[in-house]
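Encoded as structure tokens, the structure appears first; notes follow it.
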Amino acid sequence: MPFITTDDGTEIFYKDWGPRDATPLVFHHGWPLSSDDWDNQMLFFLHKGYRVIAHDRRGHGRSTQTWQGNEMDTYAADVKALAAALDLKGAIHIGHSTGGGEVAHYVARAEPGRVAKAVLIGAVPPIMVQTPDNPEGLPMSVFDGFREALVANRAQFFLDIPTGPFFGFNREGAKVDQGVIHNWWRQGMMGGTKAHYDCIKAFSETDFTEDLKALDIPVLVMHGEDDQIVPIHDSAMKAIKLLKHGTLKVYPGLPHGMATTHADVINADLLAFIEG
């Protein structure tokens, strides 16, 4: 399997499919998942003639189960190393949830010419946690609850999230897809507990405000109106105001995991932005 090795010896697993001279699309997964979460999008865009790339964040999936470096600066540095190793130019970076934060943090630091556009899907920026400067954020007790549940019984916690709010399967009349739930659990359990624990702080407490302000490329912000994981009012609605060249697309009634539950809709809008 393909890996790159970072300066601290961490092995980062990645997939790289498609013509090497095609426009590269780089997909960044959410917590606590892996690059497998993008299977639908990678196949869709591969068949459209694009080069598609996705990596397992350190501590997730098939990458090294790191006990340290599980924070946004290092995540961005890992992506920078991957982009250099693959010599990506004019790439379009697409991130979901925590991966959206990773995209913002990396692109703000990327070498000139490496990135052409970015997409944030149900993404965590500008900042999730409640602070004096972000009173609308989620209380720290929410994220402490995540940590407590992970320590107590990670396997059950990783069933509860996809069965409930992640895909909106807890909503009245929702069509529950057991395969989607099992696949979420499978991806989560592939990763390391310590890295997953640390990543809760990374996705909830990192302030991406300056990253968003620094982005001088077209950015598409896609967010489900019924996102129960990353509430839209404290994420997309604020992020769009910080972007120089941002476009906001809101999806009424769609959940956090809409790229899975409504892949056809999301893929079509991604394609229009990429080709626009």
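The values are calculated or read from the model by the stated rules, or taken from the named source; none is laboratory data. This structure is a prediction, so every number in the text was calculated from the model and none was measured. Glycine also receives a Cβ, built like all others from the backbone with ideal geometry; neighbour counts cover every protein chain displayed. In case anyone asks, the SASA skips ligands and DNA or RNA and just uses the protein heavy atoms, side chains included. Shrake-Rupley method; radii C 1.70, N 1.55, O 1.52, S 1.80 Å.
Computed values, structure above
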quantity: Segment 45-59 residues that are hydrophobic (A, V, I, L, M, F, W, C), paired with ones that are not in a strand (DSSP E or B) (beta carbon under 6 Å, 6 or more apart); calculated: Leu46/Gly18; Val52/Gly18; Val52/Met42; Val52/Phe45; Val52/Leu46; Ala54/Ser35; Ala54/Trp38
quantity: Residues within segment 120-150 that are in contact with a strand residue (DSSP E or B) (Cβ under 8 Å, 6 or more places away or on another chain) and in a strand (DSSP E or B), tallied; calculated: 4
quantity: Residues that are among the small types (Gly, Ala, Ser), touching a Lys or Arg at 6+ places or on another chain (Cβ under 9 Å) and within 24 Å of His256 (Cα to Cα), drawn from segment 3-51; calculated: Ser34, Ser35
quantity: Subset of segment 235-254 [open to solvent by less than 10 Å² (accessible area, probe 1.4 Å) and either over 16 Å from Val119 (Cβ atoms) or not in a loop (DSSP other than H, G, I, E, B) (or both)]; calculated: Ala236, Ala239
quantity: Single residue of segment 164-195 satisfying the filter (touching a Phe, Trp or Tyr at 6+ places or on another chain (Cβ under 7 Å) and surrounded by fewer than 18 Cβ atoms within 10 Å (Cβ to Cβ)) that is farthest from Thr260 (Cα to Cα); calculated: Lys194
quantity: Inter-residue pairs, beta-carbon under 6 Å, first modelled with pLDDT of 95 or more and in segment 261-276, second not in a helix (DSSP H, G or I), 6+ apart; calculated: Thr261/Phe167; His262/Leu254; Phe273/Leu220; Ile274/Ile92
quantity: Only listed residue being small (Gly, Ala, Ser), assigned to a helix (DSSP H, G or I) and within 21 Å of Pro255 (Cβ to Cβ), chosen from Gly188, Gly173, Gly168; calculated: Gly188
quantity: Residues satisfying the stated conditions in segment 1-23, i.e. surrounded by 18 or more Cβ atoms within 10 Å (Cβ to Cβ) and under 15 Å from Ile92 (Cβ atoms); calculated: Gly18, Thr23
quantity: Criterion violated by Arg147 - all others in (1) closer than 24 Å to Ile53 by Cα; (2) basic (Lys, Arg); (3) open to solvent by less than 40 Å² (accessible area, probe 1.4 Å) satisfied; calculated: (1)
quantity: So Leu215, is it open to solvent by less than 60 Å² (accessible area, probe 1.4 Å), without any contact (Cβ under 8 Å) to a residue 40 or more places away in the chain and in contact with a strand residue (DSSP E or B) (Cβ under 8 Å, 6 or more places away or on another chain); calculated: no
quantity: Residue in segment 58-68 that is at pLDDT 95 or above, touching a Pro at 6+ places or on another chain (Cβ under 8 Å), surrounded by 24 or more Cβ atoms within 10 Å (Cβ to Cβ) and not in a helix (DSSP H, G or I) present; calculated: yes
quantity: Only one of Gly90, Gly137 that is farther than 18 Å from Lys244 by Cα and touching a Gly at 6+ places or on another chain (Cβ under 8 Å); calculated: Gly90
quantity: Within segment 196-210, considering residues that are assigned to a helix (DSSP H, G or I) and out of contact with any Gly (no Cβ under 8 Å at 6 or more places or on another chain), the one surrounded by the most Cβ atoms within 10 Å (Cβ to Cβ); calculated: Ser204
quantity: Which listed residue, of Lys117, Lys89, is more than 18 Å from Ile161 (Cα to Cα), open to solvent by 10 Å² or more (accessible area, probe 1.4 Å) and either in a strand (DSSP E or B) or modelled with pLDDT under 95 (or both); calculated: Lys117
quantity: Hits in segment 24-43 (condition: surrounded by fewer than 20 Cβ atoms within 10 Å (Cβ to Cβ) and either in contact (Cβ under 8 Å) with a residue 24 or more places away in the chain or in a loop (DSSP other than H, G, I, E, B) (or both)); calculated: Asp36, Asn40
